[in-house]
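The values are calculated or read from the model by the stated rules, or taken from the named source; none is laboratory data. This structure is a prediction, so every number in the text was calculated from the model and none was measured. With ideal geometry, Cβ positions are generated from the backbone for all residues, glycine too; neighbour counts draw on all protein chains shown. With ligands, DNA and RNA removed, areas are computed over all heavy atoms of the protein, side chains included. Shrake-Rupley method; radii C 1.70, N 1.55, O 1.52, S 1.80 Å.
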Amino acid sequence: MTALTLSTAAAPGLRADAIVIGVAKGTKGPVVTPGAEAVDKAYDGKLAGVLETLGASGAEGELTKLPAPAGFKAPIVVAVGLGAEPDAKSEDEGDGGYDAEALRRAAGVAARALAGSKKAAFALPVDSPGALGAIAEGILLGAYSFDVYKENGNGKDAKAKNGKAPLAEAALLGGKPRDAAHKGAVARAVAVAEELNRARDLINTPPNDLTPADFAGIAQAAAKEHGIKVQVLDDKALAKGGYGGILGVGSGSSATPRLVKLSYSHPKADKHLAFVGKGITYDSGGISLKPAGHNETMKCDMSGAAAVFAAVVAAARLGLEVKVTGWLALAENMPSGSAVRPGDVLRMYSGKTVEVLNTDAEGRLVLADALWAASQETPDAIVDVATLTGAMMLALGSRTFGVMANDDAFRSAVHEAAEEVGEPAWPMPLPEHLRKGMESQVADIANMGERMGGGLVAGLFLREFVGEGITWAHLDIAGPAFNEGGPFGYTPKGGTGSAVRTLVRLAELTAAGDLG
């Protein structure tokens with residue numbers, strides 16, 4: 001992973017492969033942003049004009065490379081767009097500083113573009129520890145690569161045969177090496193980004209190397225490393241405990257299911273958050289087989305469990321004064337002679353029975369058992385995360401996740417936390433009239449309801465398995481969990497680690513007493 005350093009050195013004398021500066025979109029053309037004063041001075045104050053001549057406008061994500069001025073030890077200057085400069089925004093869009101997400105994305109674009117470089121200096125606007133942390137986070141997330149399966153690439157080698165190694169080192173100019181707030185902001189960025197990138201690795205790992213048992217083993221190793229308590233229920237323990245949902249979904253695969261419980265608790269914790277993640281390590285749809293063209297990326301159907309796992313470990317690494325319990329509901333959904341069939345009835349851990357009308361609506365079945373297990377500890381709140389429905393993608397697209405909850409204020413708080421950390425989200429309702437569509441003649445509830453509003457129907461199903469009086473929210477990350485298009489900002493192609501930062505932020509807010 002890219003090494004970060006705080007530097008007070010002047011840009012001209014810094015030995016690096018590149019100097020990264022910011023350029024904003026002003027009302028009369030591109031504007032060189034704060035932090036790049038020394039670079040602009042070396043161009044006789046005409047850097048903005050040079051960039052404009054080269055076609056730069058300052059638009060978000062735009063990247064322009066140009067030779068460094070005489071006297072610089074770095075050979076090139078990389079100008080990355082930050083979007084509209086703050087003064088050009090409406091009064092209610094900011095307080096005059098650059099938006100943290102704009103800094104995060106710009107740093108990510110530059111870090112990805114500098115793959116193969118040994119060192120780059122980032123001279124982006126730093127007017128607060130938060131801005132510094134955003135830049136650090138963007139660099140670490142933007143420099144991410146997954147090359148384990150490429151020839152000569154094992155994730156640690158300097159270079160894989162078929163690609164460039166990630167940027168090795170980034171010096172953050174404008175940061176204060178002896179300032180506790182600045183050091184703390186970078187330390188937080190490192191902890192969160194490393195765990196988010198671990199989640200990306202899990203999502204990108206092919207399903208033949210990430211069975212439920214494999215995932216559980218990885219969780220156990222991380223728990224031991226970071227002082228987290230862990231409990232793993234295998235198929236025999238699940239059968240003994242009556243976890244009919246997880247067992248039913250996993251019954252068609254030779255790779256048996258697991259339920260993993262991760263528990264982190266600070267000695268001063270007086271609040272308890274439970275996170276529940278859908279962990280379908282491969283989803284064929286089961287007997288209700290997915291159509292051709294829909295199977296190739298189904299290794300990502302464990303993204304919710306990856307997010308929960310990463311968030312619990314990050315909370316432990318940050319030493320947050322809160323109790324966080326993570327539940328990973330792990331199974332592989334395959335068709336076989338032993339697989340659950342449409343029409344089967346499963347008795348869930350809660351005791352309720354579910355008529356399975358569609359075996360491809362399996363995520364809600366494993367989550368139902370895990371939600372009820374989490375409810376038995378009566379936490380202050382439960383948040384589940386899942387790549388649950390294609391319907392949510394139809395509603396919100398591929399970059400925004402939906403937020404549903406049994407409490408309007410909590411839904412708003414979760415939405416605000418997501419937006420604060422730069423994860424696009426949108427509050428969604430749980431219309432009561434849709435519950436009727438899940439009525440079953442043979443069981444307490446069916447796992448399918450009306451086709452229209454399918455994402456909301458899934459949320460209503462999950463609500464049935466949340467303990468009475470417990471505040472709960474559901475994040476449907478089906479859209480942003482796996483990026484099938486080209487990389488953008490700090491988001492790579494493939495697994496994204498969606499919802500990790502939202503969960504960590506919720507844990508931070510809970511520790512501070514600012515959530516609910």
*Where in the chain are the DSSP H helices whose C-alpha atoms run 24 Å or more along the long axis and whose mean Kyte hydropathy is at least -0.5?*
180-204
*How big is the antiparallel share of DSSP beta bridges in the chain, given as a percent to the nearest 5?*
40
*asked:* Quick check on region 404-488: what does the Kirkwood estimate of hydrodynamic radius come out to from the alpha carbon pairs, in Å?
replied: 14.5
*Any idea how far apart SER336 and ALA59 come out in nm if each label point goes 7 Å out from Cα toward Cβ?*
5.1
*Assuming R0 = 41 Å, what is the FRET efficiency of THR8 and ASP514, from their Cβ-Cβ distance, to the nearest 0.05?*
0.75
*For the pair SER128 and ASP407, how long in nm is the line joining their label points, each one 7 Å along Cα→Cβ?*
2.7
*asked:* How much length would be gained if the chain were fully extended between ASP209 and SER398, taking 0.36 nm per residue of separation minus their Cα-Cα distance, in nm to one decimal?
replied: 65.4 nm
*Please report the relative contact order for the chain, taking Cα pairs under 8 Å with a sequence separation of at least 6, and give it as a percent rounded to a whole number.*
14
*Provide LEU365, LEU233 ordered by accessible surface of protein heavy atoms (probe 1.4 Å), highest first.*
LEU233, LEU365
*Say R0 is 56 Å: what FRET efficiency, to the nearest 0.05, do THR378 and GLU37 get from their beta-carbon distance?*
0.50
*Per DSSP H run of n ≥ 4, the term is -39500 (n - 2.57); total these for the chain, divide by its residue number, and report the mean residue ellipticity at 222 nm rounded to 500 deg cm²/dmol.*
-10000 deg cm²/dmol
*In square angstrom, what is the accessible area per residue of the chain with a 1.4 angstrom probe?*
40
*To the nearest 20 debye, what charge dipole does the chain have about its Cα centre, counting +1 at the Cβ of each Lys and Arg and -1 at the Cβ of each Asp and Glu?*
1520
*Those residues of region 333-353 whose amide nitrogen sits under 19 Å from the label point placed on ARG463, 7 Å along Cα→Cβ*: 352-353
*Could you pull the accessible area for GLU450 with a 1.4 Å probe, rounded to 10 Å²?*
90
_Identified option (computed P(r) over Cα pairs in 10 Å bins from 0, in percent; candidates (i) 3, 14, 20, 24, 23, 12, 3, 0; (ii) 4, 19, 28, 23, 15, 8, 2, 0, 0; (iii) 3, 14, 22, 23, 17, 10, 6, 4, 2, 0, 0)_ = (ii)
*asked:* On a full-extension model of 0.36 nm per residue, what is the gain between LYS46 and SER254, subtracting their alpha-carbon distance, rounded to one decimal in nm?
replied: 68.3 nm
*To the nearest 10 square angstrom, how much accessible area does GLU419 have with a 1.4 angstrom probe?*
90
*May I ask for the equivalent-ellipsoid semi-axes of region 362-516, computed as the square root of five times each C-alpha gyration tensor eigenvalue and listed largest first in whole Å?*
25, 21, 13
_Cross-link partners of LYS436 among lysines (Cα-Cα below 30 Å; sequence separation of 8 or more within a chain)_ = LYS278, LYS290, LYS352
*Taking a 18 Å limit on the Cα-Cα distance, which of the listed pairs LYS299/LYS493; LYS271/LYS323; LYS73/LYS119; LYS261/LYS493 fall beyond it?*
LYS261/LYS493
*Note down the nm distance, to one decimal, between modelled labels 7 Å out along Cα→Cβ at HIS294 and at GLU432.*
3.3
*What span do the alpha-carbon atoms of region 20-142 cover on each of the three principal axes, reported in whole Å from largest to smallest?*
41, 32, 22
*Sites SER265 and GLU169 - FRET efficiency at Förster radius 35 Å, r taken between beta-carbons, to 0.05*: 0.45
_What are the extents of the Cα atoms of region 157-282 along their three principal axes, in Å, largest first?_
57, 49, 20
_Per 0.36 nm of contour for each residue apart, how much would the distance between HIS226 and TYR149 grow if the chain were fully extended, relative to their Cα-Cα spacing?_
25.0 nm
*Could you pull the accessible area for MET393 with a 1.4 Å probe, rounded to 10 Å²?*
80
*Heavy-atom accessible surface of region 251-340: percent carbon and sulfur, 1.4 Å*: 52
_Need one word for region 260-374: rounded, prolate or oblate. Basis is the Cα gyration tensor (sqrt eigenvalues a ≥ b ≥ c); a/c below 1.5 gives rounded, then a/b vs b/c decides._
oblate
